[in-house]
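Report on one structure; see the data block that follows.
The values are calculated or read from the model by the stated rules, or taken from the named source; none is laboratory data. Since we're looking at a predicted model, the values are computed, not measured. Neighbour counts run over all protein chains shown; Cβ positions are idealised from the backbone, glycine included. Accessible surface areas use protein heavy atoms only, side chains included; no ligands, DNA or RNA. Shrake-Rupley method; radii C 1.70, N 1.55, O 1.52, S 1.80 Å.
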Amino acid sequence: MATIYDVAKQAGVSVATVSRILNGERNVTPKTTMIVEAAIKQVGYVPRAVRPGRKPVNRKGVQTGMIDFLSLGATPPAQLFRLPAFSRLLDGIMQSIEERGMDLVLSHCPKGEVIPPVLARRRADGVLIFGEPALYAKVASVLDRIPHVWCFLADGVSGEGLDHVVYDNSHVGEIAADYLIGRGHRRIAYMSVGSDHVAFNERRAIFVDSLAAKGVLPVVIEGNVERLQNMACDAEPIVEQLLAMDPLPSGVFLAADDLMLAVFNGLRRRGIDPGKDIELIGCNNDRLLMDQMHPRPATIDLQLNRVGLLAMEHLVEKMAHTARGDSVAVHVSSMLIPAEK
């Protein structure tokens, strides 16, 4: 049986857009409406006679129809949107939220000392948590009364003992190494933006080990770059380090797509053709960044959209079965997105 997700995929729009059209909302262009209506016919989707509405209070475990996305730690919700690929995670969450006719609210608990009102007043049916498990003990007395699932853990935290659905960082370096070796590269470099980023360090270590097992010793280039500031300018020193190598590497793994974009443009400014003179592979599959590079280099998709979907699925399950004792521990595998031909 066709679903709303099949319609969205066929039409090339978000699930939220399909939902708005099915609900008769007017803030959608006539052209988009026509495309979605055609997609509904093509996939054979039959809308439910009664849609869930915004307050699905008749469902087990649902009282307010509200899910709280809690940022636990130093990063406020407004800054989350500047993190690489965060929009993919939120998109997955919102697909599930919209399908269930629920609402999402963002809240912040920076030090675990002041509980957000939505939780203190128990207005949320469930909580998705992003952040630092070290602060969990300070809010556990409140969260123990509300079903919750972690959808993003602080770097270097295993999540043992916590319900969590997160991306798997452990194979990223191996995927990148296999890709570059498979493309025939033997002069290879790794580039990152600092040695204090736990996830990047894991990617580098596994990348280097994977290449060493194949008889290749890569060059490691790391710079002190503030990733939330001006990446294009701050990455210039490490671009110069790369170009100072003799011979020049033919393949480069970059720890994240925002750095790859900066290096891509830095090479272009110097008359070097990424994809032809040097092959790049990044990480995150951040579409906003990847769409700025032509031809598009390879990247590794952390599948944060799927993380968001699965986190919501498990949260709803916990909401409906609050007495269930077993914990959820899911690590979503990363996947290669080859370069554009």
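Mind checking which residues of region 129-147 are part of a strand (DSSP E or B) and either among the polar types (S, T, N, Q) or closer than 17 Å to His314 by Cβ (or both)?
Applying the first criterion (part of a strand (DSSP E or B)) to region 129-147 yields 129-131.
Hits for region 129-147 are Ile129, Phe130.
Pick out the one residue from Leu309, Leu288 that is buried (at least 21 other Cβ atoms within 10 Å of the Cβ), in contact (Cβ under 8 Å) with a residue 40 or more places away in the chain and of a type in the set (A, V, I, L, M, F, W, C). Full working, then the answer.
Numbers: Leu288 fails: buried (at least 21 other Cβ atoms within 10 Å of the Cβ).
Only one candidate qualifies: Leu309.
Determine if region 217-236 includes at least one residue that is more than 29 Å from Leu90 (Cβ to Cβ), at pLDDT 95 or above and buried (at least 18 other Cβ atoms within 10 Å of the Cβ).
Checked against the condition, which is being more than 29 Å from Leu90 (Cβ to Cβ), at pLDDT 95 or above and buried (at least 18 other Cβ atoms within 10 Å of the Cβ), region 217-236 yields at least one hit.
When you scan region 261-276, how many residues do you find that are free of Cβ contacts under 8 Å to residues at least 60 places away in the same chain, open to solvent by 10 Å² or more (accessible area, probe 1.4 Å) and outside any helix (DSSP H, G or I)?
5
Could you count how many residues in region 240-260 are modelled with pLDDT under 95, within 19 Å of Gly173 (Cα to Cα) and open to solvent by 10 Å² or more (accessible area, probe 1.4 Å)?
Matching residues across region 240-260 total 1.
Looking at region 95-116, is at least one residue open to solvent by 10 Å² or more (accessible area, probe 1.4 Å), acidic (Asp, Glu), out of contact with any His (no Cβ under 9 Å at 6 or more places or on another chain) and in a helix (DSSP H, G or I)?
There is at least one residue in region 95-116 that is open to solvent by 10 Å² or more (accessible area, probe 1.4 Å), acidic (Asp, Glu), out of contact with any His (no Cβ under 9 Å at 6 or more places or on another chain) and in a helix (DSSP H, G or I).
Quick check on my filter: what residues within region 70-94 are under 18 Å from Ala124 (Cα atoms) and either touching a Gly at 6+ places or on another chain (Cβ under 8 Å) or part of a loop (DSSP other than H, G, I, E, B) (or both)? Step through it out loud before you land on a result.
Pass one, region 70-94, residues under 18 Å from Ala124 (Cα atoms): 70-72, 77, 90, 93-94.
Residues satisfying the conditions are Leu70, Ser71, Leu72, Leu90, Ile93, Met94.
Between a residue in region 73-91 that is in contact (Cβ under 8 Å) with a residue 40 or more places away in the chain and over 19 Å from Ile115 (Cα atoms) and any residue that is open to solvent by 60 Å² or more (accessible area, probe 1.4 Å) and part of a loop (DSSP other than H, G, I, E, B), which pairs come within a Cβ distance under 9 Å, given they are 6 or more apart or on different chains?
As it stands, the answer is Ser87/Phe81; Leu90/Phe81, since those pairs meet every condition given.
Out of all the residues in region 40-94, which are basic (Lys, Arg), open to solvent by 30 Å² or more (accessible area, probe 1.4 Å) and modelled with pLDDT of 80 or more? Give the derivation first.
Initial filter on region 40-94 (basic (Lys, Arg)): 41, 48, 51, 54-55, 59-60, 82, 88.
Among the residues that remain, those that are also open to solvent by 30 Å² or more (accessible area, probe 1.4 Å) are: 41, 48, 51, 54-55, 59-60, 82.
Answer for region 40-94, where residues must be basic (Lys, Arg), open to solvent by 30 Å² or more (accessible area, probe 1.4 Å) and modelled with pLDDT of 80 or more: just Lys41.
Could you check region 157-201 and list, in sequence order, the residues that are part of a helix (DSSP H, G or I) and either closer than 19 Å to Phe86 by Cβ or open to solvent by less than 10 Å² (accessible area, probe 1.4 Å) (or both)?
First pass over region 157-201, keeping only residues part of a helix (DSSP H, G or I): 172-182, 198-201.
Answer for region 157-201, where residues must be part of a helix (DSSP H, G or I) and either closer than 19 Å to Phe86 by Cβ or open to solvent by less than 10 Å² (accessible area, probe 1.4 Å) (or both): Val172, Gly173, Ala176, Ala177, Leu180, Val198, Ala199, Phe200.
Let's see how each residue does on (1) open to solvent by 30 Å² or more (accessible area, probe 1.4 Å); (2) among the aromatic types (Phe, Trp, Tyr); (3) in contact with a strand residue (DSSP E or B) (Cβ under 9 Å, 6 or more places away or on another chain); (4) in contact (Cβ under 8 Å) with a residue 24 or more places away in the chain:
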residue	(1), (2), (3), (4)
Arg121	yes, no, no, no
Gly131	no, no, yes, yes
Ala137	yes, no, no, yes
Ser141	yes, no, no, no
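Could you list, in sequence order, the residues of region 202-211 that are open to solvent by less than 60 Å² (accessible area, probe 1.4 Å), more than 25 Å from Gly131 (Cβ to Cβ) and not aromatic (Phe, Trp, Tyr)?
Of everything in region 202-211, those that are open to solvent by less than 60 Å² (accessible area, probe 1.4 Å), more than 25 Å from Gly131 (Cβ to Cβ) and not aromatic (Phe, Trp, Tyr) turn out to be Val208, Ser210, Leu211.
Quick check on this structure: which one of Glu279, Glu340, Glu317 is open to solvent by 70 Å² or more (accessible area, probe 1.4 Å) and touching a Lys or Arg at 6+ places or on another chain (Cβ under 7 Å)? Before the answer, list the steps.
Values: Glu279 fails: open to solvent by 70 Å² or more (accessible area, probe 1.4 Å); Glu317 fails: touching a Lys or Arg at 6+ places or on another chain (Cβ under 7 Å).
The conditions single out Glu340.
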